[in-house]
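Values in this text are rule-based calculations from the coordinates and carry no lab data. Quick caveat, the model's predicted, so the values are computed rather than measured. Here Cβ is always computed from backbone atoms with ideal geometry, including for glycine, and neighbour counts include all displayed protein chains.
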Amino acid sequence: MLSERARNITPSATTSLTAIVQDLKAQGVPVIGLNVGEPDFDTPAHIVAAANKALAEGKTKYAKDSGIQPLREAISKKLKNDNGLNYTADQIVVTTGAKQAVYEALQVLVDKGDEVIIPTPCWVSYTEMVKLADGVPVFVKTQPGTFQLDVAAIEAALTEKTKALILTSPNNPTGAVYTEEALRALGKLAVEHDFYVISDEVYEKLLYNGKKHMSIATLSPEVYEHTITINGFSKAYSMTGWRLGYLAAPLEIAKAAGRLQGHMTSNATTFVQWAAISALEGPQEDLEIMRKEFDRRRIWLQDALSKIPGISCAGADGAFYLMPNVSAYYGKTAPDGSVIRDSGDFCNYILKTAHVAIVPGKAFESPEEVRISYSNSMENIQEAVRRIAEALTKLK
Ligand SMILES: Cc1ncc(COP(=O)(O)O)c(C=O)c1O
């Protein structure tokens, strides 16, 4: 019999969908995947070259659990220069993806029964990670139409047991970038009520409409003491498969995360860490090319989705996702007689009829919406929208 913990894990809706799409493609079905959470760009060549060099130099052995010193120093410099944050190399733990950093932050902070506030819509893994730490996820909706943080609702959800809040700006799945005003109000709450903010900043470089990224830990020394800043290489440098991220935190928390990691994975892959120095310190042109292309697709897609009858689509200032509301189609009947009852049925219908993969909002605690990723070519995005619009005309 599996442990209760194992039995309680809900499989990731996004990775399960990726497997279905791969199977369909293998059967020759011309599926367009707008479900993906990774950039459709190659890792920049200078980073690949740095990895090859590290391999050739034999950087293939175990390293310090918390990461190689030159990378932790490069991250410390990056956090200072890009974000105005002061973390010494000792306060940084290099992890196997930002995902592991979030996991470790929760494991070292949360005791049985502690509550962790998760603004929704939210990334699929947070809920399961809180449960795996024996914590209790507490969902607080963001504001309808804008997906901005509802700080008053967060305040109302605080209890004696609130231990942390997970902040994701720019956001997956909504693309929202939280206002400075909201971050200030949240920071004030964290200090007054003594809870931690786990600030997942993996999409920080993918910003549009002139938005600037703000790390909540810069707001004051008190907020800094209540923040774990998390980032990674997957989204900014198109390094999803390399599995590299990091957390930066007050020393006691960073040390605890390092100890935990020492018994889990030990160090993140050594030669990948050497290559990551090149990502941070090498040319950044590829990032800007990618950001501009995402921006072009975002503008086109939001406009095109908004023109489909019954769909309303909030704007987004970051990441590479849009989250249109499709609930006007709930209750409608497909040509085969099946009824669209929720976002899962909606996405299944679109996959079956239009051969386009998108993710049901219910996976993100957002039942009225679906998540559409524009990390695919403009040509495919345009064809996908054409097919979706056509499939929707068949619902009665
Ligand atoms: C909000 C958010 N955090 C973390 C991650 C995981 O990043 P990594 O590949 O660095 O583990 C993702 C990936 O989809 C994400 O969307």
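Numbers below:
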| quantity | calculated |
| --- | --- |
| Nearest-0.05 FRET efficiency for residue 328 and residue 10, computed from C-beta distance (R0 30 Å) | 0.65 |
| The chain - share of DSSP beta bridges that are antiparallel (%, nearest 5) | 45 |
| Gap separating the Cα centres of segment 375-396 and segment 147-182, nearest whole Å | 32 |
| Protection-proxy order for peptides 45-58, 305-318, 67-80, each taking the mean of Cβ atoms within 10 Å per residue, highest first | 67-80, 305-318, 45-58 |
| Helix-derived mean residue ellipticity, 222 nm - over the chain, DSSP H n ≥ 4, -39500 (n - 2.57), to 500 | -13000 deg cm²/dmol |
| Cβ-based exposure ranking for 263, 213, 355, 226, in which fewest neighbours within 10 Å come first | 263, 213, 355, 226 |
| Span from the segment 91-112 Cα centroid across to the segment 208-261 one, whole angstrom | 10 |
| Mean shadow area of the chain, taken as a quarter of the surface of its Cα convex hull (nm²) | 20.2 |
| In segment 309-362, the trypsin sites (Lys or Arg not before Pro) that fall in loop regions by DSSP, at most 13 other Cβ within 10 Å | 341 |
